[in-house]
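Chemist: I am attaching a structure below and will ask some questions about it afterwards.
The values are calculated or read from the model by the stated rules, or taken from the named source; none is laboratory data. These numbers come from a predicted model, not from an experiment. Cβ coordinates were reconstructed from backbone atoms using ideal geometry, including for glycine residues, and neighbour counts include every protein chain displayed. Surface accessibility is based on the protein's heavy atoms, side chains included, excluding ligands, DNA and RNA. Shrake-Rupley method; radii C 1.70, N 1.55, O 1.52, S 1.80 Å.
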Amino acid sequence: MSKLVTLLNGPNLNLLGLRQPEIYGRETLDDVAARCADLAEDLGLRLRALQSNHEGQLVDWIHQARDGSAGIIINPGAYSHTSIAILDALNAYDGPVLEVHISNIHKREAFRHHSYVSSRAEGVIAGFGTEGYLLALRRMATLLGA
Ligand code: DHK
């Protein structure tokens, strides 16, 4: 049975491809999820891709991942910079966590430079566009020995 990886996207990422394409690109979240699902299969993994604009929903999905998901890849969106609740939920999760930002948050406004999630993540990818999700998936396969 192949290992399950949970891919979580936070607020406003449902508008990927539409909002600020000069920063976030023109690919939709469905496009990204489909590419990730294909790659996951190639890597011998299964993928559960979820997006929510609500902090509590993301916390609930992280709790669900405790039971059966071998790793989490998360782009918490703006909650990266604000959410101790998401950090606490990830700290209650045992598997590897990889953090993805489509844009290079360090090249942007100062309030984006700090991410609470980074103190929990095994690795952080920022500024690689939507390709960052695929790179994270490859790294996750290595970490899980898939
Ligand atoms: C996405 C967001 O929505 C922002 O709030 C973050 C992140 C950056 C990204 O680059 O994917 O600051």
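Chemist: As a test, work out the antiparallel percent of DSSP beta bridges whose residues both lie in the chain, rounded to the nearest 5.
Modeler: Antiparallel: roughly 0 percent of the beta bridges in the chain.
Chemist: Find the accessible area per residue for the chain; the probe is 1.4 Å, ligands and nucleic acids are left out, and the unit is Å². Mind showing how you got there, number by number?
Modeler: On the way: 7140 Å² over 146 residues.
Here the per-residue accessible area is 49 Å².
Chemist: Just to confirm my numbers, what's the Cα centroid distance between the range 3-27 and the range 49-114 in Å?
Modeler: 13
Chemist: Taking only Cα atoms and a 10 Å spring cutoff, compute GNM fluctuations for the chain and point out the largest among Pro96, Pro11, Pro21.
Modeler: Among Pro96, Pro11, Pro21, the largest GNM mean-square fluctuation belongs to Pro21.
Chemist: Now for a separate question. Sort Val32, Val59 from largest to smallest accessible area, using a 1.4 Å probe on the heavy atoms of the protein chains. Write down the numbers at each step before the final one.
Modeler: Numbers: Val32 5, Val59 25 Å².
Most to least solvent-accessible, the answer reads Val59, Val32.
Chemist: Connecting C-alpha atoms closer than 10 Å in a GNM of the chain, tell me which of Glu99, Glu22, Glu122 has the biggest fluctuation.
Modeler: Top of the fluctuation ranking is Glu22.
Chemist: Turning to a different aspect of this structure: Pick from Asp30, Asp67, Asp88: which residue has the top mean-square fluctuation in a GNM of the chain where Cα pairs under 10 Å get a spring?
Modeler: Fluctuation is largest for Asp67.
Chemist: Let me have the 222 nm mean residue ellipticity of the chain computed from DSSP H runs of 4+ only, each contributing -39500 (n - 2.57), with the sum over all residues rounded to the nearest 500. Spell out each step's value before the answer.
Modeler: Working: 5 runs with 51 residues, N = 146.
Theoretical 222 nm ellipticity from helices: -10500 deg cm²/dmol.
Chemist: With the contact rule set at Cα under 8 Å and sequence spacing of 6 or more, what percent relative contact order holds for the range 3-144?
Modeler: On the way: 260 pairs, mean separation 39.4, N = 142.
The value is 28 percent.
Chemist: Show me the three semi-axes of the equivalent ellipsoid for the chain, from the C-alpha gyration tensor (sqrt of 5 times each eigenvalue), largest first, rounded to whole Å. All intermediate terms of the calculation are to be shown ahead of the outcome.
Modeler: Details: eigenvalues 91, 66, 37 Å².
Equivalent ellipsoid semi-axes, largest first: 21, 18, 14 Å.
Chemist: Oh, and also: Explain nothing, just the number: dipole magnitude of the range 3-144 about its Cα centre with +1 on each Lys and Arg Cβ and -1 on each Asp and Glu Cβ, in debye rounded to the nearest 20. Show your work: numbers first, answer last.
Modeler: On the way: 13 positive and 16 negative charges, 42 e Å.
Its charge dipole is roughly 200 debye.
Chemist: With the full set of protein chains in place, find how many percent of the accessible area of the chain is carbon and sulfur; take the probe as 1.4 Å.
Modeler: On the chain, the fraction of accessible area on carbon and sulfur atoms equals 49 percent.
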